[in-house]
Every structure is written in C-alpha cells, then in structure tokens.
Amino acid sequence: MLRVLLMDDELTILEDLELMLGSDDRIQIVGAFHDPLELLKNLPALKADCLFMDIEMPGINGIELAAQIQAAGTDMEIIFVTAYNHYATQAFEVHAMDYLLKPIRPERLAKAIDRVIRQRESKQPPGREEKSCVIHSLGTFEIKVGASRVKWTRSKSRELMAYMLQHEGKWLSKYKLCDEQWRDYEPERALAYLQTSIYSLRKNLREAGCNGLLIEYSEDKYRLQAGEVEWDTRNFEAAYSRFIQTGSPVAAREALALYRGEYLEGEDWPWSDNVRESYICKYERIKQVV
C-alpha cells in the first residue's frame, strides 16, 4: 500500500484530495498538512512514499519545500498539484515525479499514482520482496506478516510485545519492565524472565520475517522502533488528528473504519487500561459528529 502525504494551505483542497485519493484502495493517507513547518516536523515519523503538494503557499513555496525535503535525504516521491503551469520547469529541476494542474481529472490522478507505484517497485531488489507487517491493537491483538500470524512461543512475550508497542520509540529501563511485567517475583528472577522473553520475542519476529519491528538495547534500557509496518493505532491517531484539526468527514470515517474493537480487547493487562479508555473517548467523540 502506498503511504501518501498531502500538503496544501487551503483546507478545502486538502479535503478534495482526500476524497479523490480515498477511493483508491492502493492508497493510505498518513498525513494532511496546511502548514509547511508542521509537515517538516512530522516528516521523519510518517515514513511516506509520496507527497502531493501545492506550489504557491505563504511563507515558503512548494519548490523550496521540495528542495529542503530532498536535502534531508528523504526517499519520497513528490507530485505537485497547482493551478499554474509556469512552474513545470522548476518542478522537474527538483526531480518531481509528476505535475498535476487543478482541477485534477480522476484519470490523470490515477496515472500519476501508477507512475509512483512503478517507481517504488523498481527500487525493490529482485527476488527479495518483503512481506508486509500488519499490527492490530484495536480489537484482538495480533501481528501478521503476509497472510500468517506471528506465533509466540511464550505468552509473556506476546504481552511484552504489546507493552513495548504502547511505548514505541521510548527507552524503557529493564527495571521498569520487570516491575510492570513480573512485580510479584524477586528482582533477579524477574530480570531472568525479562531476558528470556526478549530473546523469545526477537526470535519469533525474526522467524516470521517481520523486519519492521526493531528491539534495541543500550545502558540497561530497551526500545522498540516500529518502522515499515501497518499499525491500526498509529493510523487511527493520524486520522483522528486530521479530524480534530480540520473536521474532515473523510478522516472521521477512516478512523471509524480502523476501530475494529477496543484497544487490546479481551486482555487482562492493567497497564493498558488508561490507554483503552482514551481510545474509547476518541471513538465516541467521532461517532457523535459523523
């Protein structure tokens, strides 16, 4: 699935683009921005494949913004969407993938998407195509690689995985992990259980071919990094944020579709209770206005 960002200073244009792109099941919109500085701030975390962007914007134009994005080494295709045709030469000087004139014709938009997909596929090394990793935390917790679920050799490894996902990107002290997961055990025994579970967890992910989840260790701390994965809670948060910022009904419907059930539904894990309640509140807030 193509991970797409949108950038336009006009909210109505953003919503129109969301509607048009939302009808293509090859597309996942991971962010929509009307402030270029906010786009630059969030760009590294969004891991986007493609950016649809206006050119004439207050403060900085799209050509300059594209140059900054490329200088940062971001591997992302750029498609300009503008009402003016006199920027075409400048656009292709910053290696834009395509240049669409407003109002956008659906068949022209589909052609641009086809070009991006072909370009991304051509960058994949032959014979080494990776299976997609999908994380479901809304509803029954599971991780799938391709069509297969990750098999956990220890039930505690599964819980530890969910806990580290809840704190994704944060360094967690091994003592905090022991206290959260094995608080009824003596410290030395709890630490042994932690080390065994981490080893088992890494082994289960490796055997499943899940390369998008990386567990790092440094100075008595562990950190989980979720890279190239499809993760329902991350996608829900992105859609919810767009809904709160813009009131977009498209973003609201996207968030509702991702909410397949309560956060870590059916699991008796006390550390997840507050987060579960926060998702319920967000879900109910969207339902009230859709």
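The values are calculated or read from the model by the stated rules, or taken from the named source; none is laboratory data. Because the structure is predicted, anything quoted here is derived from the model rather than measured. Don't worry about glycine lacking a Cβ; one is built from the backbone with ideal geometry, like all the others, and counts go over all protein chains shown.
Side notes on the structure shown:
- Any hit, the range 137-147, residues being outside any loop (DSSP other than H, G, I, E, B) and surrounded by fewer than 17 Cβ atoms within 10 Å (Cβ to Cβ): yes
- Residue check for Ser200: polar (S, T, N, Q), more than 20 Å from the chain's Cα centre (by Cα) and not assigned by TED's automatic domain parsing to the domain that holds Ala45: yes
- Residue in the range 276-289 that is nearest to Glu180 (Cα to Cα), counting only those that are surrounded by fewer than 16 Cβ atoms within 10 Å (Cβ to Cβ) and in contact (Cβ under 8 Å) with a residue 24 or more places away in the chain: Lys287
- Hey, Glu130 assigned to a loop (DSSP other than H, G, I, E, B) and modelled with pLDDT of 80 or more or not: no
- Selection count, the range 239-290, where residues are outside any loop (DSSP other than H, G, I, E, B) and over 26 Å from Asp8 (Cβ atoms): 17
- When Tyr175, Tyr163, Tyr222 are screened for being among the hydroxyl-bearing types (Ser, Thr, Tyr), in the same structural domain as Leu264 (by TED's automatic domain parsing) and in a strand (DSSP E or B), only Tyr222 passes.
- Condition check for Val250: among the β-branched types (Val, Ile, Thr) and within 17 Å of the chain's Cα centre (by Cα): no
- Residue under evaluation Tyr185, criteria (1) modelled with pLDDT of 90 or more; (2) in a helix (DSSP H, G or I); (3) out of contact with any Lys or Arg (no Cβ under 7 Å at 6 or more places or on another chain), criterion not met: (2)
- Qualifying positions in the range 169-202 - hydroxyl-bearing (Ser, Thr, Tyr), within 11 Å of Tyr222 (Cα to Cα) and surrounded by 13 or more Cβ atoms within 10 Å (Cβ to Cβ): Tyr175
- Leu19 vs. criteria closer than 22 Å to Val250 by Cβ and surrounded by fewer than 20 Cβ atoms within 10 Å (Cβ to Cβ): yes
- Lone qualifier among Ala96, Ala91 - being small (Gly, Ala, Ser) and assigned to a helix (DSSP H, G or I): Ala91
- Qualifying residue in the range 91-98 (condition: among the small types (Gly, Ala, Ser) and surrounded by fewer than 18 Cβ atoms within 10 Å (Cβ to Cβ)): no
- So Tyr217, is it within 17 Å of Trp171 (Cβ to Cβ) and of a type outside the set (A, V, I, L, M, F, W, C): yes
- Scanning the range 233-258 for residues that are in contact (Cβ under 8 Å) with a residue 12 or more places away in the chain and either aliphatic (A, V, I, L, M) or in contact with a Gly (Cβ under 8 Å, 6 or more places away or on another chain) (or both) yields a total of 10.
- Residues (under 12 Å from Phe52 (Cα atoms) and part of a helix (DSSP H, G or I)) located in the range 21-37: Leu21
- Test: Thr153 is in a loop (DSSP other than H, G, I, E, B) and farther than 17 Å from Asp232 by Cβ: yes
- Number of residues in the range 63-88 that are in a loop (DSSP other than H, G, I, E, B) and of a type outside the set (D, E, K, R) equals 9.
- Checking every residue in the range 103-117 against the condition of being within 21 Å of the chain's Cα centre (by Cα) and buried (at least 18 other Cβ atoms within 10 Å of the Cβ) gives at least one match.
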